[in-house]
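Data first, discussion second: the structure below is written as structure tokens.
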Amino acid sequence: MTNLIEQGSIEQDVCDFATKLLERRGGLVEWTDHNDDAAREGTAIVPTEIADLFDADSETVQLSTQPGSKGWCLSLATDFLDTASQLLELEPRVGTFCIPEMYLKRGDFEELVSREFSWLNARVRLQETRPVRVEYHTWWFHALFVSEDRWETRFPITVNASSGTEVQMPNPLDLWELEPHPTACRQPPTTYKRAVLQAQRQVQELAGKFLARMDGRLGRDRRRLREYYNALLRENHQKKSRSQTKPDPEQQEARERAVKLEMRRKATELDERYAMDLTLEPVVLTRMEIPALAIDLSVERKRARRKHTVYWNPLLKQLESICCTRCGSGTFSVAFTNEEVDPLCARCAE
Ligand SMILES: [Zn+2]
């Protein structure tokens, strides 16, 4: 490829992006020389299934930054992004990575565990501390609220695949220590349900302002509706008292009933217009295997006893919470059930 494109413009970024995308899909891209004012022109030879996306007759696709030209228009003023996103659809949505080595804390975990955790109804003793490798699954979700208005966002939820607890991890892709780990992580991810549960909770917080704004608008519109129809009802009454001839009470009542019915119908319409519809979709999964410390605890609850494991996370340099078996939240104030010795958060244990 002759790279004659000047640095720094959006047009250049779009051309670079499209070139990389086509090359990644097995295409060969060639740009022709151009002067600064002219549109950039080029050709790409691509596999047939890619050519179909551009309605090309052959495997050669014309490229141009001029909107309206034949082939693929590399301009944000066209449907460029739609076509690009179709090419991106073919990308894998799961990345597997690892960090081979990390410093693991040494020292007194007995003290650390008793400082971080409150055991609400059991005797807990530290049994053993073991270096292990743990997989963390970072699920990226796309959330879309549709109501009278729309609101959308993307956000990650990371779950420790061994313990199932949610962990506030940095974005794995920002970590310089990260390496590709294509051979590992062959097991299907078991963390999806847990991640969705947490995502449903978190999206309510993230969309808090939007939801409050919609509530506010609905309240305002309901108030206006009531005021309008109450005014109509008042008018009806006043007519009654002002009129010279004796009013027909049946007619008055019928009018009042009609106004009230109309008010209810409008209120239902309003509720439908403001009904909140949430779509939560997983977009990408990053699986990352890192060294960590497993801390085995012996838990005695009444006459039952069970082993539970907590993890010391070398990226956060702290202990991770324990996952409540009832609601799925992570907690450091832990109660245990009588028979199974399952961990529960304080709220679920009440
Ligand atoms: Zn709970």
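For region 293-342, a tally of residues being touching a strand residue (DSSP E or B) at 6+ places or on another chain (Cβ under 6 Å), within 15 Å of the ligand (Cβ to nearest atom) and over 21 Å from THR191 (Cα atoms) returns 4.
Can you say whether GLU135 is farther than 24 Å from LEU278 by Cβ and out of contact with any strand residue (DSSP E or B) (no Cβ under 8 Å at 6 or more places or on another chain), as far as the supplied structure shows? I'd like the intermediate steps shown before the answer.
Values: farther than 24 Å from LEU278 by Cβ: yes; out of contact with any strand residue (DSSP E or B) (no Cβ under 8 Å at 6 or more places or on another chain): no.
Against the criterion (farther than 24 Å from LEU278 by Cβ and out of contact with any strand residue (DSSP E or B) (no Cβ under 8 Å at 6 or more places or on another chain)), GLU135 does not qualify.
Going residue by residue through region 160-171, is there one that turns out to be closer than 18 Å to GLU289 by Cβ and assigned to a helix (DSSP H, G or I)? The answer is no, given that none of the residues of region 160-171 is closer than 18 Å to GLU289 by Cβ and assigned to a helix (DSSP H, G or I). Annotation: GLN86 fulfils all but one of (1) at pLDDT 90 or above; (2) open to solvent by 60 Å² or more (accessible area, probe 1.4 Å); (3) polar (S, T, N, Q); the unmet one is (1). Out of all the residues in region 269-292, is one or more more than 16 Å from the ligand (Cβ to nearest atom), among the small types (Gly, Ala, Ser), without any contact (Cβ under 8 Å) to a residue 60 or more places away in the chain and exposed (fewer than 15 other Cβ atoms within 10 Å of the Cβ)? No, because not a single residue in region 269-292 is more than 16 Å from the ligand (Cβ to nearest atom), among the small types (Gly, Ala, Ser), without any contact (Cβ under 8 Å) to a residue 60 or more places away in the chain and exposed (fewer than 15 other Cβ atoms within 10 Å of the Cβ).
Of the residues ALA212, ALA161, only one is within 23 Å of PRO100 (Cα to Cα) and open to solvent by 20 Å² or more (accessible area, probe 1.4 Å); which? Quick ask: steps written out before the conclusion?
Working: ALA212 fails: within 23 Å of PRO100 (Cα to Cα).
Answer to the check: ALA161.
The condition (being open to solvent by 50 Å² or more (accessible area, probe 1.4 Å) and either part of a loop (DSSP other than H, G, I, E, B) or touching a strand residue (DSSP E or B) at 6+ places or on another chain (Cβ under 8 Å) (or both)) is satisfied by just one residue among GLN204, GLN187, GLN198: GLN187. The sole residue among ARG255, ARG347 that is within 16 Å of the ligand (Cβ to nearest atom) and assigned to a helix (DSSP H, G or I) is ARG347.
The values are calculated or read from the model by the stated rules, or taken from the named source; none is laboratory data. None of these values were measured; they are calculated from a predicted model. FYI the Cβ positions are ideal-geometry reconstructions off the backbone, even for glycines, and counts take in every protein chain you see. Ligands, DNA and RNA are excluded from the accessible area calculation, which covers all protein heavy atoms including side chains. Shrake-Rupley method; radii C 1.70, N 1.55, O 1.52, S 1.80 Å.
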